[in-house]
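Read-outs: derived from the displayed coordinates by stated rules, not from any lab. Quick caveat, the model's predicted, so the values are computed rather than measured. Backbone-built Cβ (ideal geometry, glycine too); neighbour counts: all protein chains shown.
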Amino acid sequence: MIELKNVCKSFENKVVLSNFNYVFDDGSITCVMGASGSGKTTLLNILLGLIKADSGEVSGIPDDISAVFQEDRLCEPYSAVKNVFAVTGNEVGEDEIIAVLGELGLLGSEFVPVSTLSGGMKRRVALARALLAKSELIILDEPFKGLDDETRETVISVLLKYAKGKTLIIATHDERDCVALGAELLQL
């Protein structure tokens, strides 16, 4: 389990997290919700080790973490398949990558530069990369933004299939995501 005890984080004079306490059980799905500026991304960045808390304790973070950030962070000249290979190496075969991309509705787009894809398609490539990377913890910051309702449902189904047994922490603005994922709600 991942445990946060009395975690505090401020930026200049703005307190973002104040004596924050929470436990993420192994294999749990948690949706983090709150208004803009409430600390969702800050919390995720602390869990990822990208920023440090000003005080408090964070324990139980596994070694293997994958993530989807608010921005896709893809290698634009590379294809979807090469973007996934960039994080999986030889641990995942091309056929499996293509299968997952297909399940995410990207058949026919696997080998074109991701710079030519729409925003929603890029989002799905970023998600495929996170799902296929070796991880015990998957952190997703607004992973469904830019997706229409039908695509969102498909993506959630694929997410639940490939992340089974892993701990999922998802920042979202949409309560429907919590319901569709069967997630616990953490309101900031």
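Tabulated values for the structure
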item	result
Where trypsin sites (Lys or Arg not before Pro) in DSSP loops with at most 16 other Cβ within 10 Å are excluded, longest remaining stretch of the chain	74-133
Size descriptor, Kirkwood hydrodynamic radius, that averages inverse alpha-carbon separations across the chain, Å	17.0
Whole-Hz ³J(HN,Hα) from phi, Karplus 6.51 cos²θ - 1.76 cosθ + 1.60, for segment 157-172, glycine and proline x	4, 5, 4, 5, 5, 8, 9, 3, x, 8, 7, 10, 10, 10, 8, 8
Listed residues 117, 43, 137, most fluctuating in the chain (Gaussian network, C-alpha, under 10 Å)	117
Nearest-20 debye value, segment 104-161 charge dipole, Cβ charges on Lys, Arg, Asp, Glu	220
Relative contact order of segment 1-55, defined on C-alpha pairs under 8 angstrom at six or more residues apart (%)	36
Positive dipole terminus of the chain, leading residue within 36, 170, 143 (C-beta point charges)	36
Normalised contact order of segment 1-102, rounded percent, pairs of Cα under 8 Å and 6 or more residues apart	27
Filtered GluC sites (Glu not before Pro), segment 22-101: DSSP coil and at most 13 other beta carbons within 10 Å	71
Hydrodynamic radius (Kirkwood) for segment 60-170, which is based on Cα pairs only, to one decimal in Å	13.8
Contact order relative to length of the chain, as percent, for alpha carbon pairs under 8 angstrom and 6 or more apart	31
Top positive-direction residue, dipole computed over segment 1-113 with Cβ charges, set 21, 59, 1	21
Size-normalised alpha-carbon gyration radius of segment 1-98, reference 2.2 N^0.38 Å	1.32
Size of electric dipole in segment 1-67: Cβ of Lys, Arg +1 and of Asp, Glu -1, about Cα centre, debye, nearest 20	340
Among 13, 90, 21, residue whose mean-square fluctuation peaks in a GNM of the chain (springs only between Cα atoms under 10 Å)	13
Charge dipole magnitude, Cβ of K and R +1, D and E -1 - the chain, Cα centre, debye nearest 20	340
Filter on 9/145; 52/145; 134/166; 82/161 - keep pairs with C-alpha separation over 18 Å	9/145; 52/145; 82/161
All Cα pairs of segment 109-153, percent lying beyond 16 Å	42
